[in-house]
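Here's the structure we're looking at; comments come further down.
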């Protein structure tokens, strides 16, 4: 199992990334929501009355949680006003909070029967501190449930760094690195939470998504992994050229099937810590 270490803070350049685009993110709503269903299915808190969905985005994960626990009070939290506007419009009966996850975790306040996060915590720093803090927000007999991508070293992700470091692009990206998301391996999270939890359930799944083209992989990442790279570029034309070069870099690695479809493997890490 490969560990993607957290980037060193001294080597990070903070850039103004393009704002989160709910419609771009939801181009692949079915694929992005499937891991959420798989995570929810393994949470054994049958009578949960209060749930918070951290990094809820446009509310697709919040809807899955609310369907599983229809009698619970469900809160969605996200730092993106654009994402929350979409969530409120689609799911107006829930509570929505605009906040940063790390700040919320460090602030004393309400506890929940389930603290839930689907594909969000990889954008937050200092997991050795963050995860125990989030677990402390769980009520007795509750659960902390998380899913994060675990494919940072796959071809489709590595190609972003390779293109940025190539001769035509390296002047656009200073010698220090653009800040990317990161995850550790399963053992790291086990060690962080095992002294606190009654039970920990960890697993990994590689989803093989069927996409219509290699270009669709770039569309997938425009709303997630490519955002830090695109945010370092000065205008839309330059961003389009970077995406064009990125597509050409990954094209040899994703050969279309007989019917023209492309298979896109995507590995994810799941964790449930019971109080």
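Each reported figure results from applying straightforward, stated rules to the coordinates on display, with no laboratory input. Since we're looking at a predicted model, the values are computed, not measured. FYI the Cβ positions are ideal-geometry reconstructions off the backbone, even for glycines, and counts take in every protein chain you see.
Observations, loosely collected:
- Every Cα-Cα pair of the chain was included, and the share exceeding 23 Å stands at 54 percent.
- Here 182, 264, 244, 93 are placed in order of increasing Cβ neighbour count within 10 Å, fewest first, which gives 93, 244, 182, 264.
- Listed by Cβ neighbour count within 10 Å, with the fewest neighbours leading, 226, 39, 130 appear as 130, 226, 39.
- Fully extending the segment from residue 161 to residue 92 would add 20.9 nm, taking 0.36 nm per residue of separation and subtracting the current Cα-Cα distance.
- Its residues counted as N, the stretch 146-236 yields a C-alpha radius of gyration over 2.2 N^0.38 Å of 1.37.
- MRE, 222 nm, helices only [DSSP H, n ≥ 4, -39500 (n - 2.57), over the chain, to nearest 500]: -10000 deg cm²/dmol
- Highest-fluctuation residue, 69, 169, 181 considered, GNM on the chain with Cα pairs under 10 Å: 169
- Antiparallel content of DSSP bridges confined to the stretch 9-274, in %, to 5: 50 percent
- The modelled label-to-label distance for the pair residue 111/residue 190, using points 7 Å beyond Cα in the direction of Cβ, is 2.7 nm.
- Shown for 217, 255, 247: other C-beta atoms within 10 Å of each C-beta, ranked fewest to most, produce the order 255, 247, 217.
- Fully extended contour minus Cα-Cα distance, from residue 238 to residue 172, at 0.36 nm per residue: 22.8 nm
- Annotation for residue 258 and residue 205: the two label points, set 7 Å from Cα along the Cα-Cβ direction, are 2.8 nm apart.
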